[in-house]
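The values are calculated or read from the model by the stated rules, or taken from the named source; none is laboratory data. Predicted, not measured: the structure shown is a model, and the values here were computed from it. Cβ placement follows ideal geometry from the backbone for every residue including glycine, while neighbour counts extend to all protein chains displayed.
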Amino acid sequence: MRSTDRARGIVLTAFSLGAVIAFAPSDIPRLHEVEVNARVVLLAIAVALLVTIIGLVLPGLRGSSTAIASALRDGAPVSGQNASRVRRALVIAEIGVTVVLLVGAGLLARSFAGLQRVDPGFDAQNLLVLRIAPDVTRYPGAQLRNDYYGRVLDSIRELPGVASVAAVTVLPMSTIGSDFYRPCWLEGARPDGYALAEANVRMATPEYFTTLGLPLVSGREFSAQDELGAPPVVIINESLARSAWKSQDPVGRTLILDYQSGPSPRQVVGVVRDARYDGPRSDPAPEIFIPHAQNPYLAMNVVVRTTIDPGALAQTARAQALKVDPDQPVHSVTTMERLSDDTMQQDRFAMLLVALFAAAGLLTAATGVYALLAYTVAQRRREIAVRMAIGASSSSVAWLIVMESLMLALVGCVVGALGVAAVSRLARSVLFGIAPQDPLTLGTTAAVLLTTVLAASWRPARRAARIDPVSAMRI
């Protein structure tokens, strides 16, 4: 292997590693510490040299057992037919592995595109998110907490570019916040058996659903009248409404919720659309929203609907919240689009990783096809000269080499198809909205591979077509 080839390989490795780290999920420990250092480069060079030496020595050892005079008399290559079969088998294996990788990359790309098209149930654009966690010793009582959050929301609402602002214990797509999975049942039903259901309980301030872009299906949002001491009310989502009341409208009905002080009746005042809280792969779960004023939870997620780029308001909104009480932490400032994007980190990383391997496999297969055909043309130079001497045209000779490459591609595709079938069950668990045997992906893979093989065979075929019969026969 030439030094320039090694240098290109090192540069390509460093570039690929940078791309992998940039798109990797944040929960992979110590991935950002990975780097291409001197030890890695030396090890790669040593392995490359070892492979090169083995590739040069083994054919010589095999050829030494062949009678040279017999080889020259028969016009057979010193390495023999067995070595030729091994070379073809290796190239076919390269093509087969490349087929599996290309199909995997194509399926993951289409799966990722499908995830991006999933409707989360709310409008994630132009939403700024801030996490606030006041000290319980500073705000021990319900009224103190209500007053604090009222001032925080009012101060942010005054900023230019803010359309609305609200707060909730747990936001969709966010891993920060306290969620409670509590039993509930209809008024008059026994809290056991089929009559019992469970739902996620969350506290929200007025204008939360408007700010999030989560539309009401029926009823109303929370208002200033849903205060501490007022009749307890809740808003539920469509999933809970369907499971509890079937096709009936639950607005105005009573729901018994077992939460904090025990089972208590609460009137349903609204139904909101389902949202996918854990990302596009998740299914909507039953939800119950309680007015924050009636149950003033301490740690909250503040969500701000903006008329401008939400990132431009991040520091200003945080500063406004800190003005209310500088001693209370305001952290994890981000946008809803970023939170939504983070839920697909694993899928994006898997797609990138397989795509890099597929690209490397395609390059390796193309190199293998080219090297094999170039070697074949060199070994069959006299045979080709004889063919042309007795009337074979240049185009027919070129087509002979191209046909050999197509046969390699065909057999490699069959091997690859068997590999795809073998891993299809595993692939099904990581794909979204697409089957492992997707015809478009399989067809595209075949077209890409065929184009690559034909491109790799062009120069050897052209060289074969330009052989001079007279000069070749004199050698």
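Looking for something surrounded by fewer than 16 Cβ atoms within 10 Å (Cβ to Cβ) and either in a helix (DSSP H, G or I) or over 17 Å from the mean Cα position of the chain (by Cα) (or both) - is there at least one such residue anywhere in segment 350-358?
The initial filter retains those residues of segment 350-358 that are surrounded by fewer than 16 Cβ atoms within 10 Å (Cβ to Cβ), namely none.
Within segment 350-358 (the criterion being surrounded by fewer than 16 Cβ atoms within 10 Å (Cβ to Cβ) and either in a helix (DSSP H, G or I) or over 17 Å from the mean Cα position of the chain (by Cα) (or both)), the answer is no, since none of the residues qualifies.
Within segment 200-249, can you find the residues that are buried (at least 22 other Cβ atoms within 10 Å of the Cβ) and either free of Cβ contacts under 8 Å to residues at least 24 places away in the same chain or of a type in the set (Lys, Arg) (or both)?
Passing the criteria: only 202.
Is there a residue being touching a Phe, Trp or Tyr at 6+ places or on another chain (Cβ under 8 Å), on the phi < 0 side of the Ramachandran plot and touching a residue at least 40 places away in the same chain (Cβ under 8 Å) anywhere in segment 447-456? Please lay out each step first, then the result.
Initial filter on segment 447-456 (touching a Phe, Trp or Tyr at 6+ places or on another chain (Cβ under 8 Å)): 456.
Still in the running and on the phi < 0 side of the Ramachandran plot: 456.
Still in the list and also touching a residue at least 40 places away in the same chain (Cβ under 8 Å): 456.
There is at least one residue in segment 447-456 that is touching a Phe, Trp or Tyr at 6+ places or on another chain (Cβ under 8 Å), on the phi < 0 side of the Ramachandran plot and touching a residue at least 40 places away in the same chain (Cβ under 8 Å).
So, residue 197, is that one in contact with a helix residue (DSSP H, G or I) (Cβ under 7 Å, 6 or more places away or on another chain) and more than 17 Å from residue 120 (Cα to Cα) or not?
In short, yes.
Within segment 262-275, can you find the residues that are farther than 21 Å from residue 220 by Cβ and in contact (Cβ under 8 Å) with a residue 60 or more places away in the chain?
263 - this is the single residue of segment 262-275 that is farther than 21 Å from residue 220 by Cβ and in contact (Cβ under 8 Å) with a residue 60 or more places away in the chain.
Being charged (D, E, K, R) and touching a residue at least 40 places away in the same chain (Cβ under 8 Å) is the filter; apply it to segment 276-291 and report the residue that is nearest to residue 238 (Cα to Cα).
Here the residue is 287.
Does residue 373 satisfy the criteria of being surrounded by fewer than 21 Cβ atoms within 10 Å (Cβ to Cβ), in contact (Cβ under 8 Å) with a residue 12 or more places away in the chain and hydrophobic (A, V, I, L, M, F, W, C)?
Working: surrounded by fewer than 21 Cβ atoms within 10 Å (Cβ to Cβ): no; in contact (Cβ under 8 Å) with a residue 12 or more places away in the chain: yes; hydrophobic (A, V, I, L, M, F, W, C): yes.
Answer is no for this residue.
Which one is nearest to residue 126 (Cα to Cα), of the residues in segment 302-333 that are modelled with pLDDT under 95 and part of a strand (DSSP E or B)?
That would be 333.
Could you count how many residues in segment 306-352 are of a type outside the set (S, T, N, Q) and more than 30 Å from residue 431 (Cβ to Cβ)?
Selection size over segment 306-352: 21.
Could you please let me know if residue 73 is farther than 30 Å from residue 357 by Cβ, basic (Lys, Arg) and modelled with pLDDT under 85?
So residue 73 fits the description; yes.
Being assigned by TED's automatic domain parsing to the domain that holds residue 144, hydrophobic (A, V, I, L, M, F, W, C) and assigned to a strand (DSSP E or B) is the requirement here; does residue 251 meet it?
no
Residue pairs, Cβ under 6 Å, 6 or more apart or interchain, first in segment 415-441 and assigned to a loop (DSSP other than H, G, I, E, B), second modelled with pLDDT of 90 or more and not charged (D, E, K, R). List them.
431/107; 431/111; 432/111; 432/114; 432/115; 433/114; 434/111
Do you know which residues across segment 142-161 are over 18 Å from residue 204 (Cβ atoms), of a type in the set (A, V, I, L, M, F, W, C) and surrounded by 15 or more Cβ atoms within 10 Å (Cβ to Cβ)?
The one that is over 18 Å from residue 204 (Cβ atoms), of a type in the set (A, V, I, L, M, F, W, C) and surrounded by 15 or more Cβ atoms within 10 Å (Cβ to Cβ): 159.
Looking at residue 285 and the list (1) of a type in the set (A, V, I, L, M); (2) closer than 19 Å to residue 170 by Cα; (3) not in a loop (DSSP other than H, G, I, E, B), which single condition is not satisfied?
(3)
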